[in-house]
Amino acid sequence: MALRRKAVPVTLTAEQRARLERLWFIYGNYGPKSTPGNHSFIQRLIENGIDERPLNHKRTPKSQIPPPECEACVDKILSEPGHGGESDSRHIGRTLHIVPPSGKEQVQPSINPEVQTILREMNLRQLGTRGRLNSEDDAPDAA
């Protein structure tokens, strides 16, 4: 009797989910490397927590199978343990921030005080709008 194939359940941390969502905009959602296989593979991981690769067989259409490049990127994200560090968690939020330059030399950039003020005002405005929506009926007023 043939073995039954089962989808593998996957539990994602908040950081892994955020990284997969960013990856989805490259390999899915009409990104530069989008295919139907990439799109559904990453989307099912994010939305349902299911790895569907074991369900593929030799009769699965090639367009529905994610290429090794996409699988390697997803495996890399899934294999990394969730870092509960403060430096990583502050970038997961939905506020605007200035990203430090990447590279070998970590030079502190000279940031224009006007830009810092604008970012601070935008973040406060966003938090205030979110607070107002949550305090009322969670529905904006009709126009």
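Summed over segment 12-42, residues that are within 17 Å of PRO68 (Cα to Cα) and in a helix (DSSP H, G or I) total 12. With the structure loaded, tell me whether LEU127 is part of a helix (DSSP H, G or I) and at pLDDT 65 or above or whether it fails that test. So LEU127 passes the test. Annotation note: Cβ proximity below 9 Å between a residue of segment 32-52 that is closer than 12 Å to LEU78 by Cβ and in contact (Cβ under 8 Å) with a residue 40 or more places away in the chain and a residue that is among the charged types (D, E, K, R) and open to solvent by 60 Å² or more (accessible area, probe 1.4 Å) (sequence gap 6+ or interchain) occurs for ASP51/ARG44. Among the conditions (1) within 21 Å of ARG5 (Cα to Cα); (2) aliphatic (A, V, I, L, M); (3) in contact with a helix residue (DSSP H, G or I) (Cβ under 8 Å, 6 or more places away or on another chain), the only one that ILE77 does not satisfy is (1). Looking only at segment 57-78, filter to residues that are out of contact with any Phe, Trp or Tyr (no Cβ under 8 Å at 6 or more places or on another chain) and within 17 Å of PRO9 (Cβ to Cβ); which one of those is least open to solvent (accessible area, probe 1.4 Å)? Taking the candidates together, the pick is ILE77. Could you check segment 33-56 and list, in sequence order, the residues that are of a type in the set (Gly, Ala, Ser) and under 17 Å from VAL8 (Cβ atoms)? Hits for segment 33-56 are GLY37, SER40, GLY49.
Filtering segment 10-21 to residues that are within 16 Å of ASP75 (Cβ to Cβ), open to solvent by 50 Å² or more (accessible area, probe 1.4 Å) and either within 8 Å of the chain's Cα centre (by Cα) or without any contact (Cβ under 8 Å) to a residue 40 or more places away in the chain (or both) leaves THR11, ARG17, ARG19.
The values are calculated or read from the model by the stated rules, or taken from the named source; none is laboratory data. Every value quoted in this text rests on a predicted model; they were computed, and no experiment measured them. Cβ: placed from backbone, ideal geometry, glycine included. Neighbour counts: every protein chain shown. Heavy atoms of the whole protein, side chains included, go into the accessibility calculation; ligands, DNA and RNA do not. Shrake-Rupley method; radii C 1.70, N 1.55, O 1.52, S 1.80 Å.
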